[in-house]
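No lab work stands behind these numbers, since they all come straight from the coordinates. Not measured: the values here are computed from a predicted model. Here Cβ is always computed from backbone atoms with ideal geometry, including for glycine, and neighbour counts include all displayed protein chains.
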Amino acid sequence: MKENIKISVQDLHLYYGDNHALKGVSMDIKKNSVTAFIGPSGCGKSTFLKTLNRMNDLVDNVSIEGKVFLDGDDIYDAGVDTTILRKKVGMVFQQPNPFPMSIYDNIAYGPRVHGIKDKKTLDKIVEQSLCGAAIFDEVKDRLKKSALGLSGGQQQRICIARALAVQPEVILMDEPTSALDPISTSKIEELMEELKKKYTVVIVTHNMQQAVRVADDTAFFLLGELVEFGDTKNLFSYPRDKRTEDYITGRFG
Amino acid sequence: MRSKFDEQLKMLSSEMIIMSNMIEKAIQEAIDALFSQNVEKARQIMKDDELVDQEQKKIENICFQLLIQQQPVARDLRTITAAMKMVTDMERIGDQAADISELTIILAQSPYKMKEDNIRKMSAETIIMLLHAVEAYVEKDIEKAREVIEHDDIVDDLFVKVKTDLIEVMQNNTDYEEQAADLLMVNKYLERIGDHATNIAEWVIFSLDDHMKEIK
């Protein structure tokens, strides 16, 4: 496995019952980069994202073939502990979903689950995570207040901070800004630039301009198939596949 | 959404045709005025250059509107970018027709000592280049654009011929040195028009060529 590849997916098939939802996807995701998945609803991009930390294991009637290597180890091997896997590969969802507890406890939740009890250590993790998610200055005086009192954009950054608190290596984001206003969106996008210095970031987005702005590489999915994958600037200026060109230029159907 | 976008792209194409026709007329009339020594007509051409500038602004505005409304990518983006670059070269061609007319006002003072054939031929060739380049854009015909670039050799050859003719005039008629120098400028303007038409054709190829370029 090449050194700068964080995740290598090989011929991945996924079935929801009889429905063949992912048809032989292969892809190398680079370390310390932002990779975007685009495509119409139902094309399999979110499903594919969820295979990267085995979130689909939680769905009934799913069967998966193929391999997903994280740093060279297949995450679908029998002995893999999914709790540890999901600590390494964190996730942020479309709707901000802070727990109904204080900001501090939201961030400390993960580390506590993983056995950290020491107050000073937790304080440090909470501050670092909030800084990492570019929200510390906005909430530092109200850490004991409920996270539900924050704006949508702030809640989403709390969720990113919560993902960072367990020191992940990869952060998966499923349409992280689709419920946010342009100002919050722009903050999250700037944050991605920062995050990729330390982590590998993978996002699903319906906003193609967002993919152009933030992603180093972009993958276009259609009907469960990976149609095209490559350098974002090239994909949006010289798409190789007619289906990609039709989709990104708005020729649907 | 897409059908509106396609309508707007069609409108862009028709305005490009309008602008190329305006410039074609300017070159044609500038050369007619030059050889008929028609000062009034020359002044009119200089004045009409304003209309070319207005048309350029109009096309640029359409392009801006398309960029903002449609946030184009891939070939759409290249089509619009190319139009914005092409009108710059087209506007310069318009300026050069006006420059020729400015010289016409001076040149109208005495009869010519040289034959007009090659200069006329040159203007005809540059017009063909210009019209074919813009047609290639509208018709999305990459081969036609490539032919325009090759066609520039004809204009360059004529430039050398006219220059040789003018040197001969200068050597044999010392009274006509100034006239010959002015005509050499006309010669150079026409040669530059060929270069601008070549640039236009290059932008057409940029807009149509789907093969990936290195983008860094």
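With K and R counted +1 and D and E -1, the other residues having a Cβ less than 9 Å from that of residue A:166 yield a net charge of +4. Within the stretch A:65-101, list the residues whose amide N lies under 13 Å from a label point set 7 Å along Cα→Cβ of residue A:145. Taking a point 7 Å out along Cα→Cβ of residue A:145, no residue of the stretch A:65-101 has its backbone N under 13 Å. Note that the stretch A:233-239 has calculated 3J(HN,Hα) couplings of 4, 5, 4, 8, 10, 10, x Hz, one per residue in order, obtained from phi through the Karplus relation 6.51 cos²θ - 1.76 cosθ + 1.60 (θ = phi - 60°); glycine and proline are x.
Once the Cβ-Cβ distance of residue B:35 and residue B:60 is raised to the sixth power relative to R0 = 30 Å, the FRET efficiency obtained is 0.30. On full extension, the segment bounded by residue A:101 and residue A:193 gains 30.2 nm, given 0.36 nm per residue less the C-alpha separation.
Coupling constants for the stretch A:27-43 follow from the phi torsions by the Karplus curve (6.51 cos²θ - 1.76 cosθ + 1.60, θ = phi - 60°), and in residue order they are 6, 10, 9, 6, 5, 6, 9, 9, 10, 10, 10, 10, x, x, 4, x, 7 Hz; glycine and proline get x.
Each of B:188, A:2 was scored by other Cβ atoms within 10 Å of its Cβ. Listed from fewest to most, they are A:2, B:188. Of the beta bridges in the protein assembly as shown, as assigned by DSSP with both residues counted there, near 60 percent are antiparallel.
Each of A:201, A:59 was scored by other Cβ atoms within 10 Å of its Cβ. Listed from fewest to most, they are A:59, A:201.
What FRET efficiency comes out for residue B:174 versus residue B:209 if R0 is 45 angstrom and r is the Cβ-Cβ distance? Round to the nearest 0.05. Plugging the Cβ-Cβ distance into 1/(1 + (r/R0)^6) gives 0.30. Which of the trypsin sites (Lys or Arg not before Pro) found in the stretch A:178-253 are in a DSSP loop and have at most 16 neighbouring Cβ atoms, other than their own, within 10 Å? In loop regions of the stretch A:178-253 (DSSP not H, G, I, E or B), the sparsely surrounded trypsin sites (Lys or Arg not before Pro) are A:240, A:251. Neighbours of residue B:21, meaning other residues whose beta-carbon lies under 12 angstrom from its beta-carbon, give a summed charge of -3 when Lys and Arg score +1 and Asp and Glu score -1.
Compared with the direct C-alpha span, the chain from residue B:117 to residue B:154 gains 11.9 nm at full extension, assuming 0.36 nm per residue. Per-residue extension of 0.36 nm, minus the Cα-Cα distance of residue A:33 and residue A:137, leaves a gain of 34.8 nm for this segment. For residue B:185 and residue B:69, what does the FRET efficiency come to when R0 = 45 Å and r is the distance between their Cβ atoms, rounded to the nearest 0.05? Efficiency, from the Cβ-Cβ distance: 0.55.
Using a simple spin-label model with pseudo-atoms 7 Å out from Cα toward Cβ, residue B:88 and residue A:13 lie 5.4 nm apart. Pairs exceeding a 25 Å alpha-carbon distance, out of B:4/B:25; A:31/A:117; A:87/A:198; A:2/A:124; A:2/A:197; A:6/A:233: B:4/B:25; A:31/A:117; A:2/A:124. So which residue, out of B:138, B:148, B:73, gets the largest mean-square fluctuation from a GNM of chain B using Cα contacts under 10 Å as springs? Ranking B:138, B:148, B:73 by mean-square fluctuation puts B:73 first.
A cut-off under 12 angstrom between Cβ atoms defines the neighbours of residue B:169, and their net charge, with Lys, Arg +1 and Asp, Glu -1, is -3. For helix A:119-132, report the angle its Cα long axis makes with the longest principal axis of the Cα atoms of chain A; keep it between 0 and 90° and round to the nearest 10°. Helix A:119-132 sits at roughly 50 degrees to that axis. Over the protein assembly as shown, dividing the summed -39,500 (n - 2.57) contributions of all DSSP H runs of at least 4 residues by the number of residues returns a 222 nm mean residue ellipticity of -20000 deg cm²/dmol. As a proxy for reagent exposure, A:247, A:104, A:76 were ordered by neighbouring Cβ count within 10 angstrom, fewest first; the result is A:76, A:104, A:247. Magnitude of the charge dipole for the protein assembly as shown, about its Cα centre and with charges confined to Cβ atoms of Lys, Arg (+1) and Asp, Glu (-1), is about 3140 debye.
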